[in-house]
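The values are calculated or read from the model by the stated rules, or taken from the named source; none is laboratory data. Bear in mind the structure is a predicted one, so any value in this text is a computation, not a measurement. Don't worry about glycine lacking a Cβ; one is built from the backbone with ideal geometry, like all the others, and counts go over all protein chains shown.
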Amino acid sequence: MKTMLENLFSFMLPEQASTSGHYTDDIFYVLMGLSVISFIILIGVIIFFLIRYKRRKEGEKTGNFTESHAIEIFWIVIPTIVFVAIAIWGWQAYRVLEYPPKDAYVVQVTAKQWSWEFGHTYGDKEVKNTADLYVPVGRPVALEMTSLDVVHSFFVPAFRIKKDVVPGMKTRVWFEAKHTGDFDVYCTEFCGTAHSRMLAKIHVMEAGEFDSWLAQQASASTSESPAVKGAKLYESKGCNSCHTVDGEDDIGPSFKGIYGHSVKFSDGTSLAAVDDVYIRESILNPKAKIVEGYKPKMNSFEGQITEEEISYIIEYIKTLK
Amino acid sequence: MSTTNNEKGIVPAHHFDSVAQEEDAGIQGIWLFLATEVLMFGGLFVAYAIFRGMYPEMFHHASKYLDTKLGALNTLVLIASSYSMASAVRSTQKGDTQKSFNLILITIACALIFMTVKYFEYTHKFHEGLFPGANFSHPGADKHLGLFFGLYFVMTGLHAIHITVGVGLMVWLLIRIKRGDFSPHYFIPVDAVGLYWHIVDIIWIFLFPLLYLIG
Amino acid sequence: MSAGTNYLTHSKGLKSWLFTLDHKRIGLLYLGAVATFFLVGGFFGLLIRLELLSPTKIFMSSDVYNRVMTLHGSVMVFMVVIPGIPAVLGNFFLPIMIGAKDVAFPRLNLLSWYLLMLGASIAVLSILLGGVDTGWTFYTPYSMKSADAVTTIVTGAFIMGFSSILTGLNFIVTIHKLRAPGMTMMRMPLFCWSLYATAIIQIVATPVLAITLLLLIAERVFGIGFFDASVGGDPVLFQHFFWFYSHPAVYIMILPSMGIISEVICTFSRKTIFGYKAIALSSVAISLIGFFVWGHHLFVSGQSELAGAIFAILTVLVGVPTAIKLFNWTATMYQGSIKLDTPMLYAMSFMALFLIGGLTGIFLAAMAVDVQLHDTYFVVAHFHYTMVGGVFMGMMAGLFYWIPKMSGHMYNEFWGRVSAVLVFIGFNMTFIPQFIMGSRGMPRRYHLYDPKFASFHIASTIGSWVIGLGFLVAMITIFKAMRSGKAAPANPWGGTTLEWTTSSPPIHENFEETPVITGRPYEYN
């Protein structure tokens, strides 16, 4: 019965790639089956009545069956039992989704307009990526999430998980991937202009591969040039959600060729040449000067970026001619 | 179209069978309206309960910044005003419209005293930097106190707006009394404004201890 | 009163309409307003679907799309579906159906209309002030920080809320005090029962919306901090406050529609309603239980598991009185004498579409399933099936049913049926793809989307053109019947409720003499 329902209705769900996904899917398929059957029966009866009792002449007599306590009790009690059973089933399945196993691998998730940042710890080092979450297969992963600005929501359709990400609060969600692969992450609580671009990907790797990836990430930070570090920060800090490096204008101006170039602001003033001071101010106090033709949408990175990181970004921007 | 007081005596509006039915309907309408007022303030009391549950010590501490004496004074003033308003309704019922005119004037005076005290309370708080929410800037105090003051200003502010509307309604009553609109046979508007005023008073009676007396 | 005048000819001129105290004329004023707002909201809906033909930008930037999306929802919810049936058909027919000459407070009634117009004007003004992109739900903190005309649109909604409260207040007192002799509560038509249950919600829930919107304005203007995490406030508290009103609000929308379905099915089956008491009381049950389910919008918000479970169970329980109605309506048709005129076609459309809407609500009440479906197109499809497939089909059924009484003219039956068929087909074409792409992971409120969902969006957009055409045909057919068409007799359909004993259109006072009621409605044979 279960496989029949699954075969009929699996087109309605994305691939199921987590170990706990079937709790959700089982309920979904049963509900689809019950709904389709109820619909066919009730509408079938209605259509039958429409045909059988079609008016043949004016003034014809109609039936007197207008009250039946037995029938009414029947169709109050049965739906109540069925509905409450479904609600309880849904609740029990939710408990699985809500409480991660004790040995879960923890990743910190920080949401902000409009990117996702993932933080791993390796020894005493922190490894951060934006938009790409690398995890090992076959191991439960617990995400501890918070937002830096507005309410976002972390949704992974393939894993059947979703949880709002709220400023001032930590929310949690967990999954265990069944197999390796790449899986979409969507922000699914409206959060402003680039809400529909606030995407990420979960890359599930073999355990050994994951361990070497993590080790490599932790050590990489010492040997690169400032500009390369800046290029990585351009992504990991989420600058790329609004600023391109290829000249195309987006929510914010492109970084290509701006260093040393003049810029006009929306209040009529201008700067003869973009310099370190201006870039630093644009990061820490972005609403102070708005480039002409753009809107004041950028939030300050005060407290989220070090002076060192700012200098790396400046070096990177210098290379974008 | 409502009850008219003309040469034929009191006549109900065209869709009512009798003046009694019309008055019944009017009073039921007022009670329903007052229920909506209680529900609206109820939302604020729920917010109060939630935040106080989250920050009990902060509330205890913040309440100390409120002047209990002034709050108590305002409470007494409002209770007195409810008494004068109720008396005004009674006087109209008995046909003594001059007395009810004076009693409504007294009620208005009480309301104005209330608003004056509130004015002084508010300006003093601004002077001390006790602003609501993120604007809270009292030297040395925890920023979270802004939450208490957010509640304080919204709850008492909304209440004060209702006091002001009440004063407006009472001025309207004074005008109608002078016009000779009311009599022992017809005084529903006085009754209705009286009920409104009592609800505004009752809301304050809940606000006062919850805001002023928990320090 | 001179012979041959009715409420339309009783007095003439613009002032006699703008200052009318006649509930029937006020109903028509509302009809004009709501129809206009529907065209505006519908236009925005069509624009949305047009932009979504492609996964990438076609002619709107994300900022513009988000504003159009917000306006579509805000206009449809606050200016069309909430006032909708109560303000138009309720105002016109409640007094007549209980044998009264007017509502309890006619001046308050006119004020309600002006409040709707004022609030709507202010809300629409927000378009000129930069627009709003928060979605019609205005979630904090985004709505606090957004540099747009949020305060304006929220002020408009606040004022419109009072329109709704006063209408509810008026209807309760009308039903309590103005029923004709012999009209006990248990002899009242079921449409009146539905308006009564609706009015309870309007009075109890809308004030909470009022304070919620006031708090949002206070947050934006004075920074009071309730929803601001940085001073210890709670952004999710806004969601609780907002949905405490907005969930019961959807019952404000559907209950009157269900009342119309009861009327139409009885008349067009020429049969007494099956289970009068159950249907009457189920409206009140939905109204009351509906106050305790708001948390089902917050299953993934970080709300506690226990709270979620309680809300889940209460939510499915609301489904029970709803199911009772569907079953009782079907049983009413048994051994009836059924004619599929336009009102009945729309009523049958309601049965199929609202059934789907209700069943998909059960999906969303199952917490684990909601985790997957929340904030996806599955929810969008669910609420369109209930709000359009439910509320609108009832409104259309009611309009076609009662236009002969309101205007004195029959509408064109052929075009009426064409509209019903177009709307039914177009509606399913638009929203079935949305169920599927939603459960497959397509999030809602997305301007740009993954190309794998493109074919669903394209199918949905084509459907939107069909439903748009259907509604256009319906509106033209009704509009024409307001001014021309075959003269309607007093009782063209063989109805049994009091409005069919008056002339078409009714006289100013509704009845020559106050009717005396001796039995229940819907008595045939």
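From (1) surrounded by 15 or more Cβ atoms within 10 Å (Cβ to Cβ); (2) facing chain C (nearest Cβ under 8 Å), pick out the condition that doesn't hold for A:Lys54.
(1)
Each row is one residue, and each column tells you yes or no for (1) over 22 Å from the mean Cα position of the chain (by Cα); (2) closer than 18 Å to C:Tyr245 by Cα; (3) more than 7 Å from every other protein chain (Cβ to nearest Cβ).
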{"position": "C:Ser194", "(1), (2), (3)": "no, no, yes"}
{"position": "C:Gln202", "(1), (2), (3)": "no, yes, yes"}
{"position": "C:Arg220", "(1), (2), (3)": "yes, no, yes"}
{"position": "C:Gly225", "(1), (2), (3)": "yes, no, no"}
{"position": "C:Asp228", "(1), (2), (3)": "yes, no, no"}
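Name every residue in the stretch C:151-166 that is surrounded by 24 or more Cβ atoms within 10 Å (Cβ to Cβ), within 12 Å of chain B (Cβ to nearest Cβ) and not small (Gly, Ala, Ser), in order of residue number.
Correct list: C:Ile165, C:Leu166.
Does the stretch C:105-114 contain at least one residue that is over 30 Å from B:Ala13 (Cα atoms) and either free of Cβ contacts under 8 Å to residues at least 24 places away in the same chain or under 23 Å from the mean Cα position of the chain (by Cα) (or both)?
Checking the stretch C:105-114: not a single residue is over 30 Å from B:Ala13 (Cα atoms) and either free of Cβ contacts under 8 Å to residues at least 24 places away in the same chain or under 23 Å from the mean Cα position of the chain (by Cα) (or both).
In a helix (DSSP H, G or I) and surrounded by 17 or more Cβ atoms within 10 Å (Cβ to Cβ), is that true of B:Phe131?
no
Which count do you get for residues in the stretch B:8-33 that are surrounded by fewer than 16 Cβ atoms within 10 Å (Cβ to Cβ), within 11 Å of chain C (Cβ to nearest Cβ) and either in contact (Cβ under 8 Å) with a residue 60 or more places away in the chain or hydrophobic (A, V, I, L, M, F, W, C) (or both)?
3
Which of the residues spanning the stretch C:297-319 are in contact with a His (Cβ under 8 Å, 6 or more places away or on another chain), within 8 Å of chain A (Cβ to nearest Cβ) and not small (Gly, Ala, Ser)?
C:Phe299, C:Val300, C:Thr315
Looking only at the stretch B:140-169, how many residues end up being surrounded by fewer than 19 Cβ atoms within 10 Å (Cβ to Cβ) and outside any helix (DSSP H, G or I)?
The total comes to 4.
Taking the condition outside any helix (DSSP H, G or I), away from chain A (no Cβ under 14 Å) and either buried (at least 20 other Cβ atoms within 10 Å of the Cβ) or over 22 Å from the mean Cα position of the chain (by Cα) (or both), does C:Tyr449 pass?
Against the criterion (outside any helix (DSSP H, G or I), away from chain A (no Cβ under 14 Å) and either buried (at least 20 other Cβ atoms within 10 Å of the Cβ) or over 22 Å from the mean Cα position of the chain (by Cα) (or both)), C:Tyr449 does not qualify.
Are any residues in the stretch C:251-297 free of Cβ contacts under 8 Å to residues at least 60 places away in the same chain and at positive phi, and if so, which ones?
Of everything in the stretch C:251-297, just one residue is free of Cβ contacts under 8 Å to residues at least 60 places away in the same chain and at positive phi, namely C:Gly275.
Taking the condition part of a helix (DSSP H, G or I), within 12 Å of chain A (Cβ to nearest Cβ) and surrounded by 24 or more Cβ atoms within 10 Å (Cβ to Cβ), does C:Ile254 pass?
No.
C:Tyr65 passes all but one of (1) farther than 12 Å from C:Leu448 by Cα; (2) among the aromatic types (Phe, Trp, Tyr); (3) within 14 Å of another protein chain (Cβ to nearest Cβ); which number fails?
Single failed check for C:Tyr65: (1).
Per-residue answers, yes or no, for (1) surrounded by fewer than 19 Cβ atoms within 10 Å (Cβ to Cβ); (2) over 30 Å from C:Pro451 (Cβ atoms); (3) not polar (S, T, N, Q):
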residue: C:Phe59; (1), (2), (3): yes, no, yes
residue: C:Val64; (1), (2), (3): yes, no, yes
residue: C:Val80; (1), (2), (3): no, yes, yes
residue: C:Ala87; (1), (2), (3): no, yes, yes
residue: C:Asn91; (1), (2), (3): no, yes, no
residue: C:Pro95; (1), (2), (3): no, yes, yes
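Taking B:Asp17 as meeting all but one of (1) out of contact with any Pro (no Cβ under 7 Å at 6 or more places or on another chain); (2) part of a helix (DSSP H, G or I), write down the number of the exception.
Of everything listed in (1) out of contact with any Pro (no Cβ under 7 Å at 6 or more places or on another chain); (2) part of a helix (DSSP H, G or I), B:Asp17 misses just condition (2).
Could you check, for the stretch C:188-210, whether at least one of its residues is in a loop (DSSP other than H, G, I, E, B) and modelled with pLDDT under 95?
no
Output yes when any residue across the stretch C:231-243 is away from every other protein chain (no Cβ under 11 Å) and within 30 Å of C:Asn491 (Cα to Cα), and no when none is.
The answer is no, given that none of the residues of the stretch C:231-243 is away from every other protein chain (no Cβ under 11 Å) and within 30 Å of C:Asn491 (Cα to Cα).
Name the residue that is surrounded by the fewest Cβ atoms within 10 Å (Cβ to Cβ), counting only residues in the stretch B:68-87 that are touching a Phe, Trp or Tyr at 6+ places or on another chain (Cβ under 8 Å) and among the aliphatic types (A, V, I, L, M).
Only one residue fits best here, namely B:Ala72.
Restricting to the stretch C:262-292, give me the number of residues that are buried (at least 24 other Cβ atoms within 10 Å of the Cβ) and outside any helix (DSSP H, G or I).
Adding up the residues that qualify gives 5.
Keeping to the stretch C:320-330, report how many residues are more than 7 Å from every other protein chain (Cβ to nearest Cβ) and touching a Ser or Thr at 6+ places or on another chain (Cβ under 8 Å).
Final tally of qualifying residues: 4.
Can you name the condition, by its number, that C:His296 falls short on among (1) modelled with pLDDT of 95 or more; (2) not in a helix (DSSP H, G or I)?
(2) is the only condition that C:His296 fails.
Mind listing whichever residues of the stretch A:20-42 are of a type in the set (Phe, Trp, Tyr) and over 23 Å from the mean Cα position of the chain (by Cα)?
A:Tyr29, A:Phe39
Out of A:Ile161, A:Ile251, I need the residue that is in contact with a Cys (Cβ under 6 Å, 6 or more places away or on another chain) and either under 28 Å from A:Lys102 (Cβ atoms) or within 10 Å of chain C (Cβ to nearest Cβ) (or both). Which one?
A:Ile251
Filter the stretch C:131-145 down to the residues that are small (Gly, Ala, Ser) and more than 8 Å from chain A (Cβ to nearest Cβ), then identify the one that is surrounded by the fewest Cβ atoms within 10 Å (Cβ to Cβ).
For the stretch C:131-145, the residue satisfying everything is C:Gly131.
Condition check: touching a residue at least 40 places away in the same chain (Cβ under 8 Å), more than 14 Å from chain C (Cβ to nearest Cβ) and on the phi > 0 side of the Ramachandran plot. Does B:Gly71 satisfy that?
So B:Gly71 does not fit the description; no.
From the list C:Asp102, C:Asp148, which one is acidic (Asp, Glu) and either within 20 Å of the chain's Cα centre (by Cα) or away from chain B (no Cβ under 14 Å) (or both)?
Checking each option against the conditions leaves just C:Asp148.
I'm checking my understanding of the structure. Among residues of the stretch C:412-434 that are surrounded by fewer than 24 Cβ atoms within 10 Å (Cβ to Cβ) and among the aromatic types (Phe, Trp, Tyr), which one is farthest from the chain's Cα centre (by Cα)?
Here the answer is C:Phe414.
Based on what the data block shows, is C:Ser126 part of a helix (DSSP H, G or I), in contact (Cβ under 8 Å) with a residue 60 or more places away in the chain and within 30 Å of A:Asp164 (Cβ to Cβ)?
For C:Ser126, the condition - part of a helix (DSSP H, G or I), in contact (Cβ under 8 Å) with a residue 60 or more places away in the chain and within 30 Å of A:Asp164 (Cβ to Cβ) - is not met.
Under 8 Å between Cβ atoms, at least 6 apart or on separate chains: pull out the pairs that start in the stretch B:157-186 with a residue that is closer than 30 Å to C:Ile217 by Cα and end on any residue that is hydroxyl-bearing (Ser, Thr, Tyr).
B:Gly166/B:Tyr196; B:Leu169/B:Tyr196; B:Met170/B:Thr107
Quick one: count up the residues across the stretch A:165-189 that are at the interface with chain C (Cβ under 7 Å from one of its Cβ atoms) and touching a His at 6+ places or on another chain (Cβ under 9 Å).
Within the stretch A:165-189, residues that are at the interface with chain C (Cβ under 7 Å from one of its Cβ atoms) and touching a His at 6+ places or on another chain (Cβ under 9 Å) number 3.
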